[in-house]
Each structure stands twice: as structure tokens, then as C-alpha cells.
Amino acid sequence: MTALVRAAALTNFSEVAQELGHDPAAALRKAGLRAALIRQPDQLIEAERVARLLEDAAHSTGCESFGLRVAARRQLSNFGIVSLLLMHQPTLRQVLLTLIEHLHLLNEQLAIQVEDVGKLVILREELLVAIEARQSIELAIGVLYRMGEALLGERWQPVGVSFTHEAPASLGFHRGFFKCRIEFDGSFNGLVCRAADLDVANPAADPVLADYARKMIEALPDDRQRAIDQEVRKAIYLMLPAGRATCKSVAQGLGMSVRTLQRELDGKSLNFKQLINEVRHELAPRYVANNRHSLGEVAAMLGYGSHSAFTRWFGIQFGCSPEAWRGGQSGVRKRKPLARP
């Protein structure tokens, strides 16, 4: 099943493209999309087309902050009917949990996880696409950051933001957008916040309106059932870099027993080991391509306890060692500084 995203994901794309001297209509046609389509926010379009469109726009304009510039213009209302439900949750933590519950209505390729680590909370965010999607990742994390601003105002003070990709040639726009520490070449994509900030009461919350919005959402036709294999893949994407992508942990995260999860996967002629391998196969080229990660770090990010085990797996999957692959790809994958900051 082709993963879909609401056309609202491209809200403000045209405005940002025009400001940077790019023809949005031509860019959309090249991506196989119609300009009229993105003016219908609830229209569903292929998630991978959106990712390619944003990458192409960043390259064509020479602007490495393209996705973040689109996020800077976003409003909570861009989530459609889900926005009404989000605005009236009692705390930001509950907003995030509610957003996760309804992600399948917004973007089937987006995965978010709320992880408590002592007095801090890590908001992990990943996109399940097989292509390089730096702009989409920055757009998604930027929108999440804007959501916190919209709900908490000046009380929204994240500790930091992390990206697994390398830093842009110019950090000016990123520093102006994220008013916190920014880490590139990190071990995960997402935000780090204080747990106390997520549990501050939302003074605008109205339980009556929240209940009304939930009933409206429940009444929506939903003929695209949430596939268990896609939900498991999302969980693996989020848990793998932290070394927690076990069958037990994933089952718990999905609110089911290990036996139930295995039975669900058996019904699709799948198994957990197979899905782990598929996710590793998608992530490994991205991680290995980044020279700032040692191959030992890459092995750990893919859930391997030793470099040798990772090397054996990589050789089977890609026909060479990770060292050879990195060396052979360095010439074509090395980032060239773009013309515009």
C-alpha cells in the first residue's frame, strides 16, 4: 500500500519557493503533482512525492533550510479537524499523545515517540522513506517545535534539537528558528524537552470541545486500515538507534502482547526479524554515508553489539564492507556547499 500524506503537508510551499526565486508550479509538475491539488488540504498524496519535491526545491534554490522555512509559516490549524482536538488537550504531553494516535490521518510515513528520561523527555521523530529526506525531517521537527510555541508561548523552552544529518553550510536560519541548542550528526531526529514543561496545564483547553472534535474524527470515513507491519516499522525506526528495538519493547509500545504481535505478523506472512532487517537496510546507507559517524557508531545505531557483526550483515546486504562502501560513495555523496544560505 502506497503511504499517503495530507496535501496540507505542502502548505506554504509555493510562497517559500517564490521568495527563493523558484517556480512552484513547475516544481509541482516535475513531482507529478498539480498546483490545484495542494490547495485542497485534506486531499491525500503520495508521501514520497512530497519528500522528493522538497529535496529538489532545496537543491534548485540553493537553500538548505527550505523545509524549515516552510515549517516557520505553519499554524496549528494546518492539522485540519485534528487541530481542534489538539488545541483542547489539557497538557502538551496529552497533545503529543493525541497527535500520535491520529498520525495515520495526517502522514502515514511519520512516526513520533515520547520517551521519558529522568527529568527530560525525548520527542523522537522519523520518516519512513527510502530516499534521503533531510528537508522533510526538518519540516516535521519544525512543525512540532511550532506546535509547542503555539500552545505554551514563552513557556516553551526545549533543551535542544537533534538531527542525524550533517549541518548546513550556513546555520543562520536554524539558529533563528530554534531558540535552543542544535545538534547535527546526532543519534536521533527530534527534540529534547523538560518533562515539567510537557505537563504544564493548557489554559485554553476545553474538554467539551475536545470531546466534540473526537466524535467528529471518529465519524470520518477511514477505509485505509492501519497496517500492523507499518506500525511495527515505525516503532523500529524510533527504537533502533536507542538499542531498544526488541519484539517485546515494540509490542509494549503498540499496546499488545508479544504473542498477539507475532500472530498479527504471521497473518501477513511476516516476522519481526524480517522487519528489523528491512529497516536496517533502509537506514544503513544513510548512516554509513555520513563520515562524521564512525562505523562503530553506525553499528550501534543499527542495533548491533559489535562492529564485526554489523560488517558481516552489511556485506551480505550490499555486497561489500561498510568501509569499502563509504570509500566508494564518498566522491558522489560528499555534500557541495550550496550557493544560498
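What follows draws every value from the coordinates through simple rules; no lab data is involved. Values in this document were obtained by computation on a predicted structure and should not be read as measured data. Heads up, the Cβs are rebuilt from the backbone with ideal geometry, glycines too, and the neighbour counts pull from every protein chain shown.
For a paramagnetic label modelled at 7 Å from the Cα of Leu171 toward its Cβ, which residues of the stretch 184-208 fall within the zone defined by backbone nitrogen distances under 17 Å? Taking a point 7 Å out along Cα→Cβ of Leu171, the residues of the stretch 184-208 whose backbone N falls under 17 Å are 184-188, 190-192.
Quick check on the chain: of the DSSP beta bridges with both residues there, what percent are antiparallel, nearest 5%?
Of the beta bridges lying entirely in the chain, close to 85 percent run antiparallel.
Please return the longest range in the chain lying between exposed loop sites, taking GluC sites (Glu not before Pro), DSSP loop only, at most 16 other beta-carbon atoms within 10 Å, and leaving the sites out. The reported range is 167-341. The ranking of Thr246, Thr61 by Cβ neighbour count inside 10 Å, starting from the fewest, reads Thr246, Thr61. Cross-link check: pairs Lys119/Lys215; Lys234/Lys268; Lys119/Lys179; Lys234/Lys273 evaluated at a Cα-Cα cut-off of 23 Å; pairs beyond the cut-off: Lys119/Lys215. Screening the chain for DSSP H helices whose Cα atoms reach 15 Å or more along their own axis and whose mean Kyte hydropathy is at least -0.5 gives 47-61, 134-152, 207-218, 228-239, 272-289, 307-318.
Quick one: Cys247, Cys63, Cys193, fewest Cβ neighbours within 10 Å first, how do they rank? Please list the in-between numbers first.
Details: Cys247 17, Cys63 26, Cys193 23.
Going from sparsest to densest Cβ surroundings: Cys247, Cys193, Cys63.
What full-extension length gain, to one decimal in nm, is calculated for Leu37 and Gln274 as 0.36 nm per residue of separation minus the Cα-Cα distance?
Details: separation 237, 0.36 × 237 = 85.32 nm, distance 3.66 nm.
Here the segment from Leu37 to Gln274 would lengthen by 81.7 nm.
Length gain on complete extension for the stretch Thr260 to Val117, per 0.36 nm per residue less the alpha carbon to alpha carbon distance? My answer for the length gained is 48.7 nm.
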